[in-house]
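The values are calculated or read from the model by the stated rules, or taken from the named source; none is laboratory data. Predicted model only: the values in this text are computed from it and were never measured. No Cβ is skipped: glycine too gets one built from the backbone with ideal geometry, and neighbour counts run over all protein chains shown. Heavy atoms of the whole protein, side chains included, go into the accessibility calculation; ligands, DNA and RNA do not. Shrake-Rupley method; radii C 1.70, N 1.55, O 1.52, S 1.80 Å.
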Amino acid sequence: MGRASLITIAVVFLAIGVIISPETFGPKSTALSTYIKLAHLLGFSIAFGAALWVTFIGGIIMFKNLPRHQFGNLQSKMFPAYFSMVGVCIAVTVASFGYLHPWKTSSTGEKYQLGFLISALAFNLTNLFVFTPMTVEMMKQRHKVERENNIGEEVGWSKNVEVAKKNPKLAAMNKKFGMIHGLSSLANIMSFGSLAIHSWYLAGKIDL
């Protein structure tokens, strides 16, 4: 397990501690609350912005302009770092929100928002520790078979489908990879969607 993953786990446990027992971390003061709110806004904005860029902009640009194997290898290095960073930021967001709005005294709307943030964190951690390692390992195996069939260096849409019609091994790999990658993408979208819901909540609190 890498250093980034260990840091993510440590911050997640801190967030859990804050949610369970916010009073343990000291009484609130005006100055402290301001710092906590700043941490919440920074954690949320970094996580939301990174998810928006990677999901809807950066990944598409890379897919359209890089040889497919190069694109896959880059993604295999980028996604663990991406999910670790977003995980830390969401955990900070959860911890700060849990401290500012203790469960016992929070309103129904605040409890829902904490639930959405925890959901975003859970989906992200599932990607970091479950789907991403499985996807990367499956991708490496599939790349090996593709190289044996002289494909994978094309840019954009793959020749994989045509070759797989004549290669049962590659076809089976495609099916398994597609399932795992689909679950990973779904978890990423669900995490982003939960953050998007919280952005609407924050917008309602800002007085411009």
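Among 126-138, 47-59, what's the highest-first ranking by average C-beta atoms within 10 angstrom per residue?
For the peptides 126-138, 47-59, the packing ranking is 126-138, 47-59.
Per DSSP H run of n ≥ 4, the term is -39500 (n - 2.57); total these for the chain, divide by its residue number, and report the mean residue ellipticity at 222 nm rounded to 500 deg cm²/dmol. Display every interim value, and only then the final one.
On the way: 8 runs with 161 residues, N = 208.
Value at 222 nm, helices only: -26500 deg cm²/dmol.
Please identify, among Ile61, Ile46, Ile36, the residue showing maximal mean-square fluctuation in a Gaussian network model of the chain using a 10 angstrom Cα cutoff.
Ile61
Name the residue from Ser119, Ser96, Ala164 whose Cα lies farthest towards the positive end of the charge dipole of the chain, charges +1 on Cβ of Lys and Arg and -1 on Cβ of Asp and Glu.
Ala164
Where the centroid of each part is defined by its Cα atoms, how far is the stretch 69-85 from the stretch 147-208 in Å?
What the calculation gives is 12 Å, centre to centre.
Quick one, which of (i) 20.9; (ii) 18.1; (iii) 18.8 is the actual Kirkwood radius over Cα pairs in Å calculated for this model?
(iii)
Would you mind calculating the gained length between Glu23 and Leu66 on full extension (0.36 nm times residue separation, minus the Cα-Cα distance), in nm to one decimal?
Length gained between Glu23 and Leu66: 10.4 nm.
Using a 1.4 Å probe over the heavy atoms of the protein chains, calculate the carbon and sulfur portion of the accessible area of the chain as a whole percent. Please report the intermediate quantities before stating the final value.
Numbers: 8270 of 11960 Å².
Answer for the chain: carbon and sulfur cover 69 percent of the accessible area.
At 1.4 Å probe size, with every protein chain present, just tell me what the per residue accessible area of the stretch 128-202 comes to in Å². Kindly include the intermediate steps, with their values, before the conclusion.
Working: 4530 Å² over 75 residues.
In whole numbers, the stretch 128-202 has 60 Å² accessible per residue.
Once both labels are modelled 7 Å past Cα along the beta-carbon direction, what's the Trp157-Ala122 spacing in nm?
3.9
About the Cα centre of the stretch 21-154, how large is the charge dipole given +1 on each Lys and Arg Cβ and -1 on each Asp and Glu Cβ? Please answer in debye to the nearest 20.
Values: 11 positive and 7 negative charges, 24 e Å.
That gives a dipole near 120 debye.
Just to verify a number: FRET efficiency for Asn149 and His181, C-beta to C-beta distance, R0 = 22 Å, to 0.05? Walk me through the numbers on the way to the answer.
Numbers: r = 20 Å, r/R0 = 0.91.
Using R0 = 22 Å, I get an efficiency of 0.65.
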